Amino acid sequence: MTTATAVKTDLETQYAETFRASKLLYERAVAVLPNGVTHDSRIANPFPVYVHKAAGSKKQTVDGTELIDYWVGHGALLLGHGRPEVIEAARKQAEQGTHLGACHELEIEWAELVCDMVPGADRVRFTNSGTEASLMALRLARAATGRNKIIKFNGHFHGWHDHTEHAVDPPYDEPMSPGILEEIAAQVICLPAGDLSAVENAILSDGDIAAVILEPTGGCFGAVPVLPDFVKGLSELTARLNTLLIFDEVVTGFRVSPGGVQEVLGVKPDMTLLAKVVAGGFPGGALAGRKDVMLGALEFGEGGRARKMHHPGTFNGNPVSAAAGITTLKIIRSGEDIEKANRLARTLRDEINSIFRTRGIPGTCYGQYSDFNINLFPDVPQAGAGLEEIVRFDHEKLRPGAPTPIPDRFRMAMMLNGVDLPKMRGLTSSAHTDEDIERTVSAIENALEEVVMRNA
């Protein structure tokens, strides 16, 4: 047995013993759920850990282990788990009705807050998720322009529907998902992020481009980052060429700033996708946009339903989600909770890079705002590299598509040290504390010792 195999085996053995109750639940799950999970990102080797409650910055596993949480509800919980004001608002509304099947005042107040806070929001239509908002935006773009094709960027994720499930993970020239019709895939043009000339050439040469969609901090909330100048240039370019610009702010909306990335950059997209924070950690999303774009195909007119883009949705504007969303948006309007989450993430990134430098480990931690990305793959930029250097780096190495043993082993080691990371990255919340950051730094140092140094 090689040393590497011995270390891996020892780590897996300890993991299996520590999370024995989770292992038993996983064995039940695989009998009724494909791979035992309900979300692709929750799959884990050898098995996922099961959580039964959470509060603030912590999760409690069914095994009785407390974990500092950096999933934060897939980015939805900027305020942390169970913020009392949000829970109370949802509880009060639940007592009044969880599904009214009718118009209600809360949906108006919710939309008013979104329009007031998001620069590009003149009108809002609520959905049940970010994926639904994305699907709606692309259909609306086609209806508004009379054109068919969409431009998206390599490494950017806009939900799992057929029109955007392309070029998310390397290799970018391979289909992301089986089951997507070739006829639909042909309507999506995937380009390298950061290349304005490629976008201009595509729009001018094709003549059938309805919209350009992107995550304005880069793919997967900056895991594959873009520069602000590219986003500003894209806004000017699409306006000049009469093509709609869609910002996917499902993660960045209300997390980067009260008005999202568009507020920070001073750029108004034609449409904005929102979810996660907008519903206060409850199910919900929204499409917001320019008045003329939103009303052009969504309002009933003289032609009745035949001239209107169809948009039902059983849980659109759900009153419990609305109550939670309203309370959350009112809390974060001041920006204090956002700045705290951003500050803690900056501290964590700095401390992780310090570990890389002092221990001589080839790696880097990068990010903006409240995210952090840890990269231990070969030939990574030097620890503490600036945004421009990260942007110039090989994007396929920043977020490789092929699985490697390091993320799995690192995740296990972090779990055993009391920290829950989604692989090699995470997000902070305003519920995290300086003590959480200190404990996390110590956990990362221990995990790197276990996973990297012992196999050097």
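The values are calculated or read from the model by the stated rules, or taken from the named source; none is laboratory data. Owing to the predicted nature of the structure, the values given are computational and were not obtained by experimental measurement. Please note: Cβ atoms are built from the backbone with ideal geometry, for glycine as well, and neighbour counts cover all protein chains shown.
Could you please find all residues in the stretch 385-395 being touching a strand residue (DSSP E or B) at 6+ places or on another chain (Cβ under 7 Å) and not in a helix (DSSP H, G or I)?
Residues of the stretch 385-395 that are touching a strand residue (DSSP E or B) at 6+ places or on another chain (Cβ under 7 Å), as a first pass: 385, 387, 390-391, 395.
Within the stretch 385-395, Ala385 is the sole residue that qualifies.
Between Val251, Val226, Val199, Val212, which is among the aliphatic types (A, V, I, L, M) and in contact with a Pro (Cβ under 8 Å, 6 or more places away or on another chain)? Walk me through how you get there before you give the answer.
Values: Val251 fails: in contact with a Pro (Cβ under 8 Å, 6 or more places away or on another chain); Val199 fails: in contact with a Pro (Cβ under 8 Å, 6 or more places away or on another chain); Val212 fails: in contact with a Pro (Cβ under 8 Å, 6 or more places away or on another chain).
Within the list Val251, Val226, Val199, Val212, the selection yields Val226.
Where the second residue is modelled with pLDDT of 85 or more and the first is among the hydroxyl-bearing types (Ser, Thr, Tyr) and lies in the stretch 153-169, which pairs have Cβ atoms under 7 Å and are six or more apart or on separate chains?
Every condition considered, the pairs that remain are Thr164/Ser134; Thr164/Lys152; Thr164/His158.
Being touching a residue at least 24 places away in the same chain (Cβ under 8 Å), over 20 Å from Met117 (Cβ atoms), surrounded by fewer than 18 Cβ atoms within 10 Å (Cβ to Cβ) and not polar (S, T, N, Q) narrows it down to one of Arg392, Arg333, Arg359, Arg343, so name that one.
Values: Arg392 fails: touching a residue at least 24 places away in the same chain (Cβ under 8 Å); Arg333 fails: over 20 Å from Met117 (Cβ atoms); Arg343 fails: touching a residue at least 24 places away in the same chain (Cβ under 8 Å).
Only one candidate qualifies: Arg359.
(1) farther than 17 Å from Gly317 by Cβ; (2) modelled with pLDDT of 95 or more; (3) in contact with a helix residue (DSSP H, G or I) (Cβ under 9 Å, 6 or more places away or on another chain): which one isn't true of Tyr172, the others all being true?
Evaluating Tyr172 over (1) farther than 17 Å from Gly317 by Cβ; (2) modelled with pLDDT of 95 or more; (3) in contact with a helix residue (DSSP H, G or I) (Cβ under 9 Å, 6 or more places away or on another chain) leaves (2) as the failure.
Specify the residue that is farthest from the chain's Cα centre (by Cα); the eligible residues are those in the stretch 208-227 that are surrounded by 20 or more Cβ atoms within 10 Å (Cβ to Cβ) and in a loop (DSSP other than H, G, I, E, B).
Val226
Could you please give the count of residues in the stretch 37-53 that are touching a helix residue (DSSP H, G or I) at 6+ places or on another chain (Cβ under 6 Å) and acidic (Asp, Glu)?
0
Taking Pro46 and the conditions (1) in the same structural domain as Asp408 (by TED's automatic domain parsing); (2) within 21 Å of Val251 (Cα to Cα); (3) loosely packed, with under 15 Cβ neighbours inside 10 Å, which numbered condition does it fall short on, given that it satisfies the others?
It fails just one condition, (2).
Can you tell me which residue among Arg28, Arg83, Arg42 is farther than 28 Å from Gly280 by Cβ and not aromatic (Phe, Trp, Tyr)?
Step by step, each of Arg28, Arg83, Arg42 is checked, and only Arg28 is farther than 28 Å from Gly280 by Cβ and not aromatic (Phe, Trp, Tyr).
Are there helices (runs of 4 or more DSSP H) fully within the stretch 126-207 with at least 2 residues that are buried (at least 19 other Cβ atoms within 10 Å of the Cβ)? List them.
On the way: elements: 130-145, 182-185, 196-206.
Here the list reads 130-145, 196-206.
Taking Lys268 as the residue in question, decide whether it is within 28 Å of Asn316 (Cβ to Cβ) and either touching a residue at least 60 places away in the same chain (Cβ under 8 Å) or not in a strand (DSSP E or B) (or both).
yes
Considering only residues that are surrounded by 14 or more Cβ atoms within 10 Å (Cβ to Cβ), under 22 Å from Gly426 (Cβ atoms) and of a type outside the set (A, V, I, L, M, F, W, C), which ones fall in the stretch 22-43?
Ser22, Arg42 - these are the residues of the stretch 22-43 that are surrounded by 14 or more Cβ atoms within 10 Å (Cβ to Cβ), under 22 Å from Gly426 (Cβ atoms) and of a type outside the set (A, V, I, L, M, F, W, C).
Taking Val380 and the conditions (1) surrounded by 19 or more Cβ atoms within 10 Å (Cβ to Cβ); (2) of a type outside the set (Ser, Thr, Tyr); (3) closer than 17 Å to Asp436 by Cα; (4) without any contact (Cβ under 8 Å) to a residue 24 or more places away in the chain, which numbered condition does it fall short on, given that it satisfies the others?
All conditions pass for Val380, except number (3).
Here are some residues: Gly289, Gly284. Which one is under 26 Å from Arg83 (Cβ atoms), in contact (Cβ under 8 Å) with a residue 24 or more places away in the chain and either of a type outside the set (Lys, Arg) or surrounded by 16 or more Cβ atoms within 10 Å (Cβ to Cβ) (or both)? Talk me through it step by step, then tell me what you get.
Details: Gly289 fails: under 26 Å from Arg83 (Cβ atoms).
After ruling out the rest, the residue left standing is Gly284.
Mind listing just one residue for me: the one in the stretch 63-90 that is over 13 Å from Val51 (Cβ atoms) and among the β-branched types (Val, Ile, Thr) and, of those, surrounded by the fewest Cβ atoms within 10 Å (Cβ to Cβ)?
Ranking the qualifying residues of the stretch 63-90, first place goes to Ile87.
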